[in-house]
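Novice: What follows is a structure written as structure tokens; I'll ask about it next.
A short reminder: the numbers here are calculations on the coordinates, not readings from a lab. The structure presented is a predicted model; accordingly, all values stated were derived computationally and were not measured.
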Amino acid sequence: MEDRYGHRISYLRVSITDRCNERCRYCLPEEQQEWLTRDDVLTYEELLRVIRVGAGMGISKVRITGGEPLTRRNVLWFFEQLGQIEGINDIGISTNGTLLARPAQNAETRTTAEQLRQFGVRTVNVSLDSLDREVYSQTTGRNYLDQAIAGIDAARAAGFESIKVNSVLMRGQNEHELWDLIEFAQGRDLLLRFIELMPVSTTEMLTEENFLPIGEAKKLIEFKYGALEPIPEFRTNGPASYFRIAETGQKIGFIGAMTNLHFCETCNKLRLTCEGKLRPCLGSHLEFDMREVLRNPEMTDDDVAKFFLSVVDRKPEQHEFRENYQPGRRMIAIGG
């Protein structure tokens with residue numbers, strides 16, 4: 001699948017739940033969240049059908065997100081089925097990490113992380129914005145720092161091909177921890193990415209008081225480590241720009257949707273929300289109801305495929321975050 005701007009779509013991010021065991025400020029603020037009912041959320045069978053059809057159209061990478069995906073009941077069965085879909089050769093999960101060290105549900109593995117790896121999950125992205133217990137609690141609304149670190153260690157023990165740590169930059173919250181996060185990642189052989197705040201929760205979240213651009217973060221890092229060496233040849237499946245610390249060789253990524261004017265040029269993804277909205281772009285209000293197609297008994301897989309193509313055809317050239325974008329709904333309802 002290719003859109004009118006030359007974006008070749010091979011990556012589908014799939015949210016399987018809007019529930020989470022944390023309450024991060026930029027994802028699910030303190031305001032009352034209207035949770036989806038069970039009937040509103042796509043069943044595992046419906047999600048797997050979408051992914052199967054997508055695989056037949058060139059989707060080869062799938063990342064499972066939430067909310068916190070590991071909070072959904074029987075989620076490991078879903079991953080087991082997902083790992084058997086022909087054409088999907090790269091399965092990842094985005095998580096806060098707090099449930100990865102949870103005891104496994106079968107005798108062959110010890111942790112949830114090991115079961116995910118057994119079922120074909122290759123990569124894990126863990127959100128970790130702070131190593132300070134108080135800051136972590138303020139940011140997430142929960143005192144789960146120990147569980148998050150235990151989850152990262154469980155992922156390391158499980159042998160995933162890649163473990164990335166994503167840290168959202170927040171002025172007045174974690175800019176004093178950039179060096180600590182770098183050392184933490186180096187000590188555990190993790191790929192660390194710093195991410196700019198985006199207007200995906202409430203308008204009030206993205207203010208000058210809160211926003212810390214990646215350029216400023218990079219300067220703070222260089223104050224200690226010296227000039228970072230760009231490594232444009234190193235790419236992952238997202239829009240991160242990577243640099244190397246000369247002294248140690250450690251790689252660090254920066255994701256700057258607000259300040260990187262070339263952010264959208266290599267976009268290759270669609271997003272499916274847990275209630276069945278297919279979104280061609282995170283930074284756009286465009287979303288199209290695939291659930292109606294999936295639950296119409298007269299609609300075949302060919303109809304699902306046509307729906308995919310119609311959404312790809314509507315994919316914008318770039319996001320609208322820099323155009324006074326007003327978030328239509330919170331990040332937890334879209335998928336990380």
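Novice: Subtract the Cα-Cα distance of residue 74 and residue 246 from 0.36 nm times their separation in residues, and report this length gain in nm to one decimal.
Specialist: Difference between extended and current length: 57.4 nm.
Novice: If a/c stays under 1.5 just call it rounded; otherwise compare a/b with b/c (prolate if a/b is bigger, oblate if not). Do that for the stretch 23-115, with a ≥ b ≥ c from the square roots of the Cα gyration tensor eigenvalues. It would help to have the intermediate numbers written out before the result.
Specialist: Working: a/c = 1.80, a/b = 1.19, b/c = 1.51.
Oblate shape, in that a/c is at least 1.5 and b/c is the bigger or equal ratio.
Novice: Of [x] 31, 61, 7, 0; [y] 31, 56, 13, 0; [z] 29, 41, 21, 8, 0, which is the value of P(r) over Cα pairs in 20 Å bins from 0, in percent derived from the coordinates here?
Specialist: Entry [x].
Novice: Taking amide H atoms as placed 1.01 Å from N in the peptide plane, list the residues 5 or more away in sequence, or in a different chain, whose amide H sits under 5 Å from that of residue 111.
Specialist: 104
Novice: Ok, one more. Between residue 303 and residue 235, what length in nm is gained on full extension when 0.36 nm per residue of separation is reduced by their alpha carbon distance? Write down the numbers at each step before the final one.
Specialist: Working: separation 68, 0.36 × 68 = 24.48 nm, distance 3.42 nm.
Here the segment from residue 303 to residue 235 would lengthen by 21.1 nm.
Novice: Work out from phi, with θ = phi - 60° and the Karplus expression 6.51 cos²θ - 1.76 cosθ + 1.60, the ³J(HN,Hα) of each residue of the stretch 244-253, listed in order in whole Hz, and give x for Gly and Pro.
Specialist: After applying 6.51 cos²θ - 1.76 cosθ + 1.60, I find 10, 7, 4, 5, 10, x, 5, 8, 9, x Hz.
Novice: Using Cα-Cα distances under 8 Å and only pairs 6 or more residues apart, what relative contact order does the stretch 11-334 have, in percent?
Specialist: Values: 600 pairs, mean separation 61.1, N = 324.
Computed value for the stretch 11-334: 19 percent relative contact order.
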